[in-house]
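Step one of this worksheet: look at the structure below.
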């Protein structure tokens, strides 16, 4: 292969509100790479295939002086996230051409790595589509699995409310809850999403843009578990309709990522109803240690044999990534958002 | 004894804001009782000695149509709360003259009971002042003990912040934390309270009316445990200054009992810092079952031999109870507020 452009998606400036394609994040094709001859200096060259687009990325588009749970993107450099690529050249022991690399990769067509730090060779024994390893078999899958196992204390007959029910995390949680005999209330923001959630077996499904969450929960609650992907007014409604001793699994609050956080007025419900709120990150070493082996043993199998359902929302071409990044913040994706950078 | 007035404190109307002595709660002496001859119909007659005044009573002064964790007071009837009285006549098997009765008693001088429902005979083996059985050896003591044991996951060297540090709950928590080698930050609202908290061994003590909680926590934090008696802006400051994995023990939110609850803007910190928020009530049967025997074995002994310190704020005369009820909401009491209805 001759010298080719090495397209990248750069962090251009900190968004004030939603990330704007071409302004806050932009595709750039000024760099080139000679994939046959670029010096590896003992490392390996990866051709990037699929990259995950997740709500949490908005937190990385911030002033780096503000400390948070995740590093800030650096202005002028490539974005990066969970991804899968394939090794096309290697001088690194233990990594060979054709190996699939799973981990944190840049929003680029190609990248050279000096070591396997935060990377692993994908052992895809179930022959799943690679994209699943950044979705339900990857980070969002782990979020749902870890959070469910550690915090739900689910009992058959409990009522659970899942907001953001059509996303990779929410849809997995719905299926875990279904398998354990819970009654499921779930919300999403479009007809297609509602249809998908219904197909997973949720009992009460509603479009929060049409029906008020508070009204549904008043009618269908109280809830014993709230899986929160949304925060804000949705969380406030869940607090108002929680049963005594309910568990709140705080996984995401996308309602506040691009607009100022809606302030919550009814936190006294935490005491009055003896609620337990569990905030967690899928990067927690404790949860990883406790559950990751089981996750790897169980989940890919269930996906392979069709016992777990999923949807994916593909964006083809890295040049369209800035739009995909915005879409996930707005909620225009149906299912796990994945950028297909290259076919193999 | 001849016929005597049976003074009572009545719930007159639902307060709009703070409870107003003489208006929302009022002392009434229109009823009389012939203590020698009043028919007991198989029950027993109690002379009430001490009654607890607690922040949570504000929740009972509400529209009874609003469901909450505690029953509403009934307009026109006596208030009631944790109290100790002495039996002066009895026709009830197992209850004899001179027995001390501990449990929920009305704000009255005398009351007749038909059974021991929600009452127990006080077995004061440590010869503690009776008032302690509505304070650090009673309900507030149990709150502090149950919450600490169940939720703190305290480790030596952890930093804890206790708001409302001079109250019976907060001051017990400070002493539990001290005993386990924690670094203690504590707040209260007057010089006397600050002095008391310092005497308990807290490391950083401040008057939240003079110094901003957020400033202190920014300087002295981050905090690994927050014991919340206050809610509102104090909780918001604690969220902003929590360490990764911090535990928030949600025991009270007095800042919102009489004024509208300050809305919390930064709940995303729950996720970003993997916080766990534990709301609880001392009436939880699970906690009672798990910890009450230990509480009864440990705490009165530690109080008797001086290993646990406390302060009490006595109001003499039932006629002054309406003022005492207000004072506890405002924070004018130093230590556990107790109404001394009668000497034995």
Subject >> Inter-copy separations for residue B:244, label at 7 Å along Cα-Cβ, nm, ascending >> reply: 3.8
Subject >> Ellipsoid equivalent to the protein assembly as shown - semi-axes via the Cα gyration tensor, in Å >> reply: 59, 25, 22
Subject >> Cβ-vector label at 7 Å, residue A:18, separations to other copies in nm >> reply: 4.8
Original post:
At q = 0.10, 0.21 Å⁻¹, what log₁₀ I(q)/I(0) does a Debye calculation on the Cα points of the stretch A:1-155 give, no solvent, two decimals?
Top reply: -0.42, -1.36
Original post:
Which whole-number percent is the relative contact order of the stretch A:139-279 (Cα, under 8 Å, 6+ apart)?
Top reply: 21
Original post:
Given the stretch A:188-344 reduced to its alpha-carbon atoms as identical point scatterers, what log10 I(q)/I(0) does the Debye formula return at q = 0.16, 0.17 Å⁻¹?
Top reply: -1.20, -1.31
Original post:
If you line up the long axis of helix A:321-330 against the longest principal axis of chain A, both from Cα atoms, how many degrees apart are they, to the nearest 10?
Top reply: 10
**OP:** Fewest Cβ neighbours within 10 Å first, please rank A:144, A:153 accordingly.
**Re:** A:153, A:144
Original post:
When the helices in chain A are scored as -39500 (n - 2.57) per DSSP H run of 4 or longer and the sum is shared across all residues, what 222 nm value do you end up with, to the nearest 500 deg cm²/dmol?
Top reply: -7500 deg cm²/dmol
Original post:
Roughly how tilted is helix A:139-151, in degrees to the nearest 10 and between 0 and 90, from the longest Cα axis of chain A?
Top reply: 30
Original post:
Binned at 5 Å from 0, what are the whole-percent values of the Cα-Cα distance distribution for the stretch B:160-229, short to long?
Top reply: 3, 20, 35, 27, 13, 2
Original post:
Helix A:285-304 versus the longest principal axis of chain A: what is the Cα-based angle in degrees, 0 to 90, to the nearest 10?
Top reply: 90
Original post:
Considering only the label points, 7 Å along Cα→Cβ from Cα, what distances in nm to one decimal separate residue B:116 from the same position in each other copy, shortest first?
Top reply: 6.9
Subject >> Quotient of C-alpha Rg and 2.2 N^0.38 Å, computed over chain B >> reply: 1.02
Original post:
Mean separation of Cα pairs under 8 Å and 6+ residues apart, divided by the residue count of chain B: what relative contact order is that in percent?
Top reply: 19
**OP:** Name the shape class, rounded, prolate or oblate, that the alpha-carbon gyration tensor gives for the stretch B:139-279, where a ≥ b ≥ c are the square roots of its eigenvalues, rounded holds for a/c under 1.5, and otherwise prolate holds if a/b is larger than b/c and oblate otherwise.
**Re:** rounded
**OP:** Looking at chain B, send over the antiparallel percent of its DSSP beta bridges, to the nearest 5.
**Re:** 55
**OP:** Compute from the Cα atoms of the stretch B:104-180 the Rg and the Dmax, the latter being the longest Cα-Cα distance, and quote both in angstrom.
**Re:** 16.1, 52
**OP:** Take the Cα of residue B:34, step 7 Å along the line toward its Cβ, and report every residue of the stretch B:1-20 whose backbone nitrogen sits under 20 Å from that point.
**Re:** B:1-7
**OP:** Let me know the shape class of the stretch B:21-69, please: from the alpha-carbon gyration tensor, a ≥ b ≥ c as square roots of the eigenvalues, rounded when a/c is under 1.5, otherwise prolate if a/b is greater than b/c, or oblate.
**Re:** prolate
**OP:** Go ahead and set up a Gaussian network model of chain A, Cα springs under 10 Å, then flag whichever of A:34, A:99, A:327 fluctuates most.
**Re:** A:34
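Rounded to two decimal places and with Rh computed the Kirkwood way over Cα pairs, what is Rg over Rh for the stretch A:80-127?
0.93
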Original post:
In nm, to one decimal, how far is the modelled label at residue A:212 from the one at residue B:330, with both set 7 Å along Cα→Cβ?
Top reply: 3.8
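A short reminder: the numbers here are calculations on the coordinates, not readings from a lab. Here the structure is a predicted model, which is why all the values come from computation and not from measurement. Note that we place each Cβ from the backbone using ideal geometry, even for glycine, and neighbour counts take in every protein chain shown.
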